C-alpha cells in the first residue's frame, strides 16, 4: 500500500456511528450520524523516560480553549507539548486495525457478522451482533524502565450539547469518559483514572488530580500508570448510544435500544464479552472464497467498513427498518444503491433485502402515466418506486423521495424506470437466492404489475416495442429520466435508449420469465421472454461497425461504456446461468457484449493511461463500486482474464483510495481521474464481495 495513513471506519453494525481513524491530524474521531469525519483529535500515547509525551499523529494542538475564559490574563503553556511517533506500523484487516509505535500496540476490533432475522433470532444473539460499540486492546511495554510511565487514551468531543467528562460508574464498576451518555470510552480496570480538561496537554501536565474531575473543556483522557519493568494490556469499549426518537417523517428508534438500557450497559456487556467479541473479529471469514489479491483484500475490507459506517437498524413500532445511508449525502436506502448492496446483503443478511423491498412497496411506490419526450399525450405507465426513502434521518412523504425533482434532464431528475428495474432485480434475486418462494408467491401480483409497467414504458403499441425504455414518467413534467449514473455525461446519464439500463432491463425480463414459468403462468412468462429477446436483439442491432455498442442508442452517439455488461450479474446471481452462457438462448447477446467489452477496454477508450478503468470513454468520472461489479462479470461470466481485468487495474484502483487527498474520506466511490470528487464516505463498494464468488 502507498501509505498507512488513511481514514477507516470502525463501526458497530446498524448504529450509524463510527470511530473514524487513520489520517494524520484532527481528521477523525467518534461520532454518530455524520456525513464526513468528525475532524476531532483522538489521543493515544505514552510518557517518555524524560517525562515528555509522544502519541500517534491523530491530533492537532490549536489555540488553548482557556483563552475564551480569561483573555486578558491568560498565559499559554509554551512547553513542547505532545510529540508524535515517527516510526509507526499498521496492519489493516477486515475486523482488526493494529497500530504499533514506540512501546505501544493498539488493536481496534470491529465486528463483521451476520444479523439474524429479528423475527426469529434469540434476543441474546441479537445483542452480541448489534451491541453499539467497538473494542480496543492497548498494550503498554514498560519493561527495561525503572520508573512508572503514564499511558493515555482519549478524544476531543464532537457533541456541542454535552460536555465531555470523566465518569466513574458504580453499578457496572466502570471508569470512562463520555459525552452525555451518547459517546464514550469505558474500561473495567479500576486502576485507570479519567480526566477532563481544555486540552490533552493541560490534562497531562496537571499535578492535582482533583482539578481533572471537573467538567470544563472538550477533551478527556483515560490515564494509565504502568509500573516499572512491567508490560500491561488494557481493554476498552468505545460505545455509542442514541436514546429516544431517531428519525422524523416516520417515528423510529434504534433497534439496539430494545436490547440495552443505556451506554453503560453497552460498555459493561462489551467488556464482559470481550474475549468472544475478539474471537469473532479474528475469525471472520467474510473475505474467504475466490483468490483475492492483497489489493482486492484491502479494497473490499475498506469498503465493508464504510458500508457499516452508514448502516442504521431502526424499529418503527414493532416493525424493523433496515437503512443504509448514502455516505456523505445521507440519503436513506437509495434504491439504486440497494441493487448494488444486494450481493453483500444476500451473503450476510438476506432478510434486510426483503425488509427494504417491503418498505418500498408499502410506502415508497406509486403509479404513474408516461409520455414520449416533447409530447403532451399521456399513456398508461404503472407501478414504480421512488429513488430513496428520505435524507438525514427524515423519512420522505409516501410515494416520494428526497432526491427527485420535476422539470430536469440531469442530476435530481426522476429515475422511475431504473428504480422499477432495481426493485424487480432485488426481489427476484432475493427469492431465488434464498429459496424464499413464499415471499415471491405472496408478491406474484406485484411482479405482474411490474412486468406490465416495464412494457408500458417501452411503447404503447405492441408492434413497435423493442424491449428498452422509450417513455418518461409524467412526473418529470417535460424533463427526462436519468439513471444512477446521474453525474456523468449523456453516455450514462440519460435513461431513454440507454445501453446500461437496457442491459438491466433485459435481466429483469429474464428473471420474470423464469419466475412466471415456474408458476405455470405461461402467458406472462411468454410476454417477459418476448421482451427479453426484443431487448437483446435491439442492443445487438446497435453494434457499430467499429466494434462497440453506443452508450445511448440514438442520434449517432459514439460514447463507449463498460457497464454495458453490468446487467449480466443478476441472472447469474438468480441461478439462471444458461441465460448468461454463450451457448444459451441469449448466446448471440452474450457474444456481442463480450466483443464490445474487449474492444473498449483499451487505453484512450475505457482505460486511463495508467491502466485504471474509465466506465465511459467520454467521462473521467469513474465509480469504483461499478468497476468491481464489472470486473466480476468480465472474469467470471465472460471468461476474460487479463492484467487489464485484474492485477494491473487493482493496483491502480487501490492507489486511488490511498491517494494523499482521497485517504481522508475512508472509502470514496466517484473518482475523477483518480481523485475523489463525490460519493465520499460511501457504502457502495461492497459490490467487491462478488470477487469471493470467483473460481
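None of the figures in this text is laboratory data; all of them are computed from the coordinates on show. Everything numeric in this text was worked out from a predicted model, so none of it was measured. Note that we place each Cβ from the backbone using ideal geometry, even for glycine, and neighbour counts take in every protein chain shown.
Placing a label point 7 Å from the Cα of residue 526 along the Cα-to-Cβ direction, the residues of segment 437-472 with a backbone N closer than 17 Å are 452, 462-463.
Placing pseudo-labels 7 Å out from each Cα toward the beta carbon at residue 489 and residue 117 gives an inter-label distance of 4.8 nm.
Which of the three applies to segment 100-169, rounded, prolate or oblate, going by the alpha-carbon gyration tensor with a ≥ b ≥ c and a/c under 1.5 meaning rounded?
Working: a/c = 3.12, a/b = 1.71, b/c = 1.83.
Here segment 100-169 falls in the oblate category.
Projected label points at residue 620 and residue 50, each 7 Å from Cα along the beta carbon direction, are separated by 4.7 nanometres. Annotation: extensible slack from residue 577 through residue 98 equals 168.3 nm (criterion: 0.36 nm per residue apart, minus Cα-Cα distance). Measuring nothing but how far apart in sequence close Cα pairs (under 8 Å, 6+ apart) lie, relative to its length, segment 293-363 scores a relative contact order of 20 percent.
Among 341, 242, 171, which comes first, second and so on when ranked by fewest other beta-carbon atoms within 10 Å?
Working: 341 26, 242 22, 171 8.
Ordered from fewest to most neighbouring Cβ atoms within 10 Å, 341, 242, 171 come out as 171, 242, 341.
Rounded, prolate or oblate for segment 150-211? Axes are the square roots of the Cα gyration tensor eigenvalues, ordered a ≥ b ≥ c, and the cut-off for rounded is a/c under 1.5.
Numbers: a/c = 1.83, a/b = 1.06, b/c = 1.73.
Here segment 150-211 falls in the oblate category.
What shape does segment 333-693 have by the C-alpha gyration tensor, where a ≥ b ≥ c are the square roots of the eigenvalues, rounded means a/c under 1.5, and otherwise prolate means a/b greater than b/c and oblate the rest?
Working: a/c = 1.31, a/b = 1.23, b/c = 1.06.
The shape class here is rounded.
Inter-label distance, residue 598 to residue 127: 5.9 nm, where each label sits 7 Å from its Cα along the C-beta direction.
Of 439, 665, the sequence from fewest to most neighbouring Cβ atoms within 10 angstrom is 439, 665. When peptides 49-56, 183-190 are sorted by average Cβ neighbour count within 10 Å, with the highest value leading, the order is 183-190, 49-56. So what does the Cα-only Debye profile of segment 508-610 read at q = 0.17, 0.19, 0.22 Å⁻¹, as log10 I(q)/I(0), no solvent term? For the requested q values the scattering log ratios are -0.81, -0.95, -1.16. When you restrict to C-alpha pairs under 8 Å that are six or more residues apart and normalise by the size of segment 333-693, the relative contact order lands at 14 percent. Calculated on the Cα set of segment 568-686, radius of gyration then Dmax: 15.2, 49 Å. Sorting the segments 624-632, 368-376 by their residues' average number of neighbouring beta-carbon atoms within 10 angstrom, most packed first, yields 624-632, 368-376.
Would you mind ranking 388, 545 by Cβ crowding within 10 Å, fewest neighbours first? Kindly include the intermediate steps, with their values, before the conclusion.
Details: 388 28, 545 5.
In order of increasing Cβ crowding within 10 Å: 545, 388.
Full extension of the chain segment joining residue 652 with residue 554 gains 31.9 nm, where the gain is 0.36 nm per residue of separation less the Cα-Cα distance.
Can you tell me, using C-alpha contacts under 8 Å and at least 6 residues apart, the relative contact order of the chain as a whole percent? If you can, show how the numbers build up before the last one.
Working: 1612 pairs, mean separation 83.4, N = 695.
Computed value for the chain: 12 percent relative contact order.
Peptides 612-621, 84-93 ranked from most to least packed, by the mean per-residue count of other Cβ atoms within 10 Å: 612-621, 84-93.
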